[in-house]
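The values are calculated or read from the model by the stated rules, or taken from the named source; none is laboratory data. Since we're looking at a predicted model, the values are computed, not measured. Note: ideal-geometry Cβ built from the backbone for every residue, glycine included; neighbour counts use all protein chains shown. Surface accessibility is based on the protein's heavy atoms, side chains included, excluding ligands, DNA and RNA. Shrake-Rupley method; radii C 1.70, N 1.55, O 1.52, S 1.80 Å.
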Amino acid sequence: MKGQTPSVFNKDWWSGKIMEFSMKDEAFKVEMFRFVDVFPTLRNHVEVARHLQEYFCRPDTNFPAAFQWGLNKVKPDSMVAKMAAGQIEKQMAGMAQKFIAGTTAADAISALKKIWKSDLAFTLDLLGESTVSELEALDYAKRYDEILDTLIAQTKSFPAKPLLEDASWGAVPRVNVSVKVSSLYSQIDPIDPKGSIDSLKNRLRPLFRKARDNGAFINLDMEHYEFKDLTIELFKSLLTEPEFAGFADAGIAIQAYLRDAEADVQGLANWAKERGTPITVRLIKGAYWDFETIHSEQEAWRNPVWSKKWETDACFERCTKILLENHKHVRLACASHNVRSLAYALATAEELGLPKNAIEFQMLYGMAEPMKLALVKMGYRVREYVPIGEMIPGMAYLVRRLLENTSNESWLRQTYADGLSMEKLLAKPAPPQGHEQSTGVEHIKPLNSMGFRNAPLLNFALTNNRESFERAMQEVTRGFDKTWPLVIGGSEIKTDRVIKSINPSKRDQIVGTVCVATLEHAQKAIEAAQNASASWADLPGEERAAYLMKLADVMMRRRKELASIMVYEVGKNWREADADVCEAIDFCRYYALEMAKLSQPQRLGHVAGELNLLFYQPRGIAAVIAPWNFPLAILCGMTVAAAVAGNTVIMKPAEQSSVIAAHLMDACREAGFPPGVINFLPGYGEEVGDLLVRHKDVDLIAFTGSMQVGLHILKVAGDVADGQANVKKVVCEMGGKNAIIVDSDADLDEAVKGVIGSAFGFQGQKCSACSRVIVLESAYEEFKTRLVEATRSLEVGPSTDPAFAIGPVVDEDARQKIEGYIELGKKENSLLVQARVPEGLNGNFVGPAVFENVPADGRLAQEEIFGPVLAMFKVKDFDEALKLANSTRFALTGGVYSRSPLNLERTRKEFKVGNLYINRKCTGALVFRHPFGGFKMSGTGTKAGGPDYLLNFMEPRAISENTMRRGFAPEV
Ligand code: NAD
């Protein structure tokens, strides 16, 4: 290999220069790769020039003149800009061609012929956008089929090459195709492995049959960790079917950067032995290291990948050994650009006495040419991994390759750019002195100085979690015959009047019965709260906080039980229900920590002879009136905020979610709150709710719910009753009519997925849900087609079954109200699509619907529907998008998908909402990280889960003392 340089590092070449500078300047690298990523969505020269300017000519960047492309201070639509943009476009296309062989298999044939001629085999990989709909999935299946057809027909005339076609076990197919399973089924989800595998097998069988009957090879690629187990299961399940049981030309990729890799290769080897027909394992390092690391850190999950490069390299060698030792059952395709890893495979194979053609090496098209050449010369079979595909996915692939080549730890970079010594490059992978093997949990650290960290959501890609959740789902049904009492002053009170809570997925199933409080009970509850008030308020803040910590622990222990109840009672799917419990736990822990801080008096103005202290006192008695849509989190959050601040509380849950509320009361009792501190008063809003709001002895109302009720409460609470001591404080969180803007340069893969998740997650019944999507004209048609098909692909069914992304709406009233809006939309606007609700379901199901041609002042554009109904708007420019986004009475959440730094800057300033989300969905706020709440008619500006929230539950007091007596003051 000595004396040769791979083409990407060739300095003469345009990209060589870019690479060189990227390695020197991290800021440039970020802008450059972001520009490459956005480039294919730019629809004309002006757009290209504008983005180049925004990325490279900003005042805060300091890139050399050569990388400002001559665009500094010229207009994007000028002739100069046009020419510069044209040049760049040409260069970019050239750069992509180095790594991508063509758009289709037919296009790539001449490249494949060349590859074959230079004594290299190939496998074709289809680059593509993420599959967001079944239409797209079917199209992928068709394209894979075409690739097989083209290769089978076209490679017949390729000359025979024993080096590439003879292995120790017999013939090696010329045709070799790599398949990404996530492209073949849009609803693939590890929470439902069986459903996902069944659907994928239906798509894969015809391809496998064609391969089997025509002597072709199919490899399943490995993608993100969440699909890993599912992909392995799919592979095994398909190849166990009688028609494929004897098929040996099938392979699967295993990523050595995963901590699971060794166990997985051993598992595959054992399984292949049992099957009796060998398989191939393509051993790779893995392409999504950054994603997996960041994602697991965000979720506070154990990092599935090794955190140190040497660990991956060492794991690669261990896996190589296992595979070679089992070569009769698993054939190794060793895919790496690291000479040490390749050398290890060679040496181990030699040691085991294997012939050269018993193993295969694989490397990427356009990279590491000297290595390929050297191995071929040594008489080994080398296969190039050759991507084909369109520009947009092509550029994303190019970014990955560029990142790989410029990474500090890239073997290629170290060898060809950094010139590390061979001794170092070939050293056995080992920790630097004093370093230990990582455990994957190092990154799970507190997020603030108080030690707060959000409770990690359950990772449903893990079998354990799915199985234990399933068990909890069964176990909780045993408690459905229970009647839940009121709890006042620690005593249970049963009433004759009850609410029977019904499973919205299955209307004949009662989830529990809850007693209904009368006005007398409300009076009693207020008295109980008054009796408990003084001693509770007198406790030091830290002691009250300790109860919240206990409550968090109780809920953590019972998390699956609590989540399961929500699945049954309000129709949340498993993930949403689990997130609701985690949010409740987060509220407890976060407010407890905040209270510990707030309970210390603050000294203000250090002036000699004067002591000024600011501190907080509780307001008194709090009525907590909650909605059903976050039945545990919001009820719990408002309750514990009030309680930790020293108030005593009367919880009035929403009628529809009284059972989960009763479970919360139960958990509070288990946590040991003194009697009367938290009282449970289920019942009707217009009855007990109204009484609580009006009652002279209620000092604080914490309300979350609809605008109509919220405004009514604000009004009523403003009336002062006879004998009322305090002005009532109302914490009031109301509805939204939230918009997401999709810019002309948005990543549509992300935007479609984000809008679907935001609009239809929990059937659109979130105050944060997106109900308007505002799309720039030039992206409108493409976005619309993909969104409509993605909506059509959604599967509607009982929320108890994780196979369905879309469950029921909460009750029959809600269903009728939403259907009313859909009928109105059909009359006044244009219905683009409504997802199908299967026949024979016995629940309150509404198929998600998308409308267009909705006037800006139309009801579908202005009113909160609180269901899976989305209105699409086409706008000519970003000004109009912002104006429309801000045009409702509400200001809760908003989102924007854009890759224009300037438009993002404008959005930050001009999109007036309580919670703005950039390039992500607009739902799913997390405690502390995304303090939640809106203004205008969305709320009174309090932020649940944020640092100011508790202050709403307290009154500030200040004491100023003159500490000087007779000219003497203590020193402080
Ligand atoms: P809702 O307004 O119908 O009911 C909320 C609560 O108010 C219930 O407990 C209900 O019993 C009670 N209530 C009703 N009438 C009352 C009255 N006259 N006096 C006192 N209490 C009364 O809302 P919902 O259907 O339960 O929840 C959905 C609404 O909540 C949506 O509008 C949604 O946007 C909003 N929401 C807002 C947020 C936020 O943080 N901004 C969060 C969740 C839900």
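Some observations on this one:
- H695 being open to solvent by 60 Å² or more (accessible area, probe 1.4 Å) and either within 16 Å of the ligand (Cβ to nearest atom) or polar (S, T, N, Q) (or both): no
- Count of region 931-959 residues which are within 16 Å of the ligand (Cβ to nearest atom) and assigned to a loop (DSSP other than H, G, I, E, B): 12
- Enumerated helices (runs of 4 or more DSSP H) restricted to region 513-631, each holding at least 3 residues that are within 16 Å of the ligand (Cβ to nearest atom): 519-538, 559-570, 574-598
Residue by residue, here is whether (1) surrounded by fewer than 19 Cβ atoms within 10 Å (Cβ to Cβ); (2) in contact with a Pro (Cβ under 8 Å, 6 or more places away or on another chain); (3) not charged (D, E, K, R) holds:
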| residue | (1), (2), (3) |
| --- | --- |
| R259 | no, yes, no |
| W271 | yes, no, yes |
| L283 | no, no, yes |
| N338 | no, no, yes |
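- Scanning region 93-134 for residues that are crowded, with 18+ Cβ neighbours inside 10 Å, outside any helix (DSSP H, G or I) and β-branched (V, I, T) turns up I100, T123, T131, V132.
- Residues of region 664-684 that are crowded, with 18+ Cβ neighbours inside 10 Å and part of a helix (DSSP H, G or I): L664, M665, A667, C668, A671.
- Pairs where the first residue, in region 644-656, is open to solvent by 10 Å² or more (accessible area, probe 1.4 Å) and at pLDDT 95 or above and the second is assigned to a strand (DSSP E or B) and more than 7 Å from the ligand (Cβ to nearest atom), C-beta under 6 Å, 6+ apart: E655/I499
Yes/no matrix, rows are residues, columns are (1) outside the structural domain of R544 (by TED's automatic domain parsing); (2) part of a helix (DSSP H, G or I); (3) within 11 Å of the ligand (Cβ to nearest atom); (4) not β-branched (V, I, T):
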residue	(1), (2), (3), (4)
T888	yes, no, no, no
R899	yes, no, no, yes
N903	yes, yes, no, yes
R908	yes, yes, no, yes
L916	yes, no, no, yes
L926	yes, no, no, yes
R929	yes, no, no, yes
E961	yes, no, no, yes
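- The condition of being crowded, with 24+ Cβ neighbours inside 10 Å and either at negative phi or not β-branched (V, I, T) (or both) holds for A623.
- Among the residues making up region 432-462, a single one is within 19 Å of R575 (Cα to Cα) and open to solvent by 60 Å² or more (accessible area, probe 1.4 Å): L462.
- Near pairs, Cβ below 7 angstrom, 6+ apart or cross-chain, from region 407-435 (closer than 17 Å to P370 by Cα) to any residue that is of a type in the set (D, E, K, R): S410/E404; L425/R340; L426/R340
- Which listed residue is of a type in the set (V, I, T) and within 38 Å of the chain's Cα centre (by Cα), from I109, I115, I147: I147
- Within region 691-749, the set of residues being of a type in the set (V, I, T) and either in the same structural domain as R920 (by TED's automatic domain parsing) or within 31 Å of the chain's Cα centre (by Cα) (or both) comprises T704, V731, I740, I741, V742.
- Test: residue in region 836-850 that is out of contact with any strand residue (DSSP E or B) (no Cβ under 9 Å at 6 or more places or on another chain), open to solvent by 10 Å² or more (accessible area, probe 1.4 Å) and among the aliphatic types (A, V, I, L, M): no
- Within region 370-391, if we keep just the residues that are surrounded by fewer than 19 Cβ atoms within 10 Å (Cβ to Cβ) and in contact (Cβ under 8 Å) with a residue 40 or more places away in the chain, the residue that is farthest from the chain's Cα centre (by Cα) turns out to be G379.
- Every test in (1) within 16 Å of the ligand (Cβ to nearest atom); (2) closer than 30 Å to V476 by Cβ; (3) charged (D, E, K, R); (4) not in a helix (DSSP H, G or I) is passed by R772 save one, and that test is (2).
- Residue match in region 631-639 (condition: more than 25 Å from M450 (Cα to Cα), open to solvent by less than 10 Å² (accessible area, probe 1.4 Å) and touching a residue at least 40 places away in the same chain (Cβ under 8 Å)): yes
- Taking region 934-958 as the range and being open to solvent by 80 Å² or more (accessible area, probe 1.4 Å) and farther than 26 Å from S887 by Cβ as the test, the residues that pass are D948, P956, R957.
- Residues in region 698-719 that are buried (at least 24 other Cβ atoms within 10 Å of the Cβ), near the ligand (Cβ under 7 Å from one of its atoms) and farther than 16 Å from I634 by Cα: I713 only.
- One residue stands out in region 814-830 among those that are away from the ligand (no atom under 16 Å from the Cβ) and part of a helix (DSSP H, G or I): the one that is most open to solvent (accessible area, probe 1.4 Å), namely K827.
- The single condition among (1) away from the ligand (no atom under 16 Å from the Cβ); (2) open to solvent by 10 Å² or more (accessible area, probe 1.4 Å); (3) assigned by TED's automatic domain parsing to the domain that holds L902 that V796 does not satisfy is (2).
- Per the listing V846, V833, the residue uniquely assigned to a loop (DSSP other than H, G, I, E, B) and either more than 16 Å from L776 (Cα to Cα) or of a type in the set (K, R) (or both) is V846.
- Region 520-567, residues that are of a type in the set (S, T, Y) and open to solvent by 20 Å² or more (accessible area, probe 1.4 Å): S533, S535, Y547
- Every condition in (1) near the ligand (Cβ under 9 Å from one of its atoms); (2) farther than 20 Å from K500 by Cβ; (3) not in a helix (DSSP H, G or I) is met by I634 except one, and the failing one is (3).
- Residue pairs meeting the criteria (Cβ under 6 Å; at least 6 apart or on separate chains; first more than 15 Å from G286 (Cα to Cα), in region 316-338; second in a helix (DSSP H, G or I) and among the basic types (K, R)): H329/K273
- Test: N726 is near the ligand (Cβ under 10 Å from one of its atoms) and in contact with a Gly (Cβ under 7 Å, 6 or more places away or on another chain): no
- Any chance V8 is at pLDDT 80 or above and open to solvent by less than 10 Å² (accessible area, probe 1.4 Å): no
- Evaluating A661 against the criteria (1) more than 31 Å from the chain's Cα centre (by Cα); (2) within 13 Å of the ligand (Cβ to nearest atom); (3) buried (at least 24 other Cβ atoms within 10 Å of the Cβ) leaves one unmet condition, (1).
- From the list A349, A345, the lone residue that is at pLDDT 95 or above, in contact with a Ser or Thr (Cβ under 7 Å, 6 or more places away or on another chain), open to solvent by less than 50 Å² (accessible area, probe 1.4 Å) and hydrophobic (A, V, I, L, M, F, W, C) is A345.
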